[in-house]
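The values are calculated or read from the model by the stated rules, or taken from the named source; none is laboratory data. Keep in mind that what you see is a predicted model, and the values were worked out from it rather than measured. Using ideal geometry, Cβ is built from the backbone for each residue, glycine included, and neighbour counts are taken over all protein chains shown. Accessible surface is based on the protein model in full, side chains and every heavy atom, while ligands, DNA and RNA are left aside. Shrake-Rupley method; radii C 1.70, N 1.55, O 1.52, S 1.80 Å.
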Amino acid sequence: MFVRFLLGMLAAVPAFAQQSGLAGTMEVEHQRQQSRGELEGCSMVFRVAFNDNVYRKGQLVLVAGNFTFYVRDSTSAFLTLKAGLKDVGAAQDKVEAPAFAYLQSKKATTAKTKAVATDSDTPGFRMWVMPADTSVSQLLADVLEGESVTLGMTRKGGSVDLLVPLDLMTASTTINPDGTASRQRSREAVESFTDCFVEVAAKLKQ
């Protein structure tokens, strides 16, 4: 699991660097979702490190998850958002689901879109399923343009949103010996997502 892998890398990084040098998108990749050999979804898988200045006094936190556009028949399209959080340096190696999560871009937000929240089959993660309404459609259009989006979240017992930038052009990250991060940028994930989206959306009735 990505969270365990990244925590292993962080173990060798000085504590001050963990707090100051790693925040940002670590990796974004595109995955095609198939069922019985038929393409039905396009997923952007993300891993981000950020300083939680709302609930954890600036502690470094890892968030992993994905958002996926699905078309399962000719009349139904929807978006899912899945996320789990891990506090770096916490006594327990525990992943915690956000209490609430949404995506937003410069032109749209899914915060008000009616979503059904369910616990994921991945321990510590939660999933939100929402219809492809006007807001979702505009957000997806922004993603296809390669624009960065923001992951908004609240944590258990809280009401203030964490706003975590998600750079869709970050393909991978190398953690340097001094604790800084070198990020490799590429349009590959966005271009692959776009190709997949065109193929999946073609299944919808005009």
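For Val200, the requirement of being over 22 Å from Lys86 (Cβ atoms) and of a type in the set (A, V, I, L, M) is met.
The set of residues in the range 67-95 being assigned to a strand (DSSP E or B), under 15 Å from Arg56 (Cα atoms) and at pLDDT below 95 consists of Lys86, Asp87. Close contacts from the range 60-75, counting a first residue that is in contact (Cβ under 8 Å) with a residue 60 or more places away in the chain and a second that is basic (Lys, Arg) and open to solvent by 10 Å² or more (accessible area, probe 1.4 Å), with Cβ to Cβ under 7 Å and a gap of 6+ residues or different chains, come to Ala64/Arg47; Gly65/Lys82; Val71/Lys203; Ser74/Lys203; Ser74/Lys205; Thr75/Lys205.
Selection over the range 156-206 of residues that are touching a residue at least 60 places away in the same chain (Cβ under 8 Å), within 13 Å of the chain's Cα centre (by Cα) and open to solvent by 70 Å² or more (accessible area, probe 1.4 Å) gives a count of 1. Being open to solvent by less than 20 Å² (accessible area, probe 1.4 Å), under 28 Å from Arg185 (Cα atoms), outside any strand (DSSP E or B) and out of contact with any helix residue (DSSP H, G or I) (no Cβ under 8 Å at 6 or more places or on another chain) is the filter here, so list the residues in the range 107-155 that pass it. Passing the criteria: Phe125, Val136, Leu139, Asp142. Of the residues making up the range 36-48, those that are over 16 Å from Ala201 (Cα atoms) and more than 11 Å from the chain's Cα centre (by Cα) are Arg36, Gly37.
Selection over the range 52-93 of residues that are over 23 Å from Gln138 (Cα atoms) and either open to solvent by less than 40 Å² (accessible area, probe 1.4 Å) or under 16 Å from the mean Cα position of the chain (by Cα) (or both) gives a count of 12.
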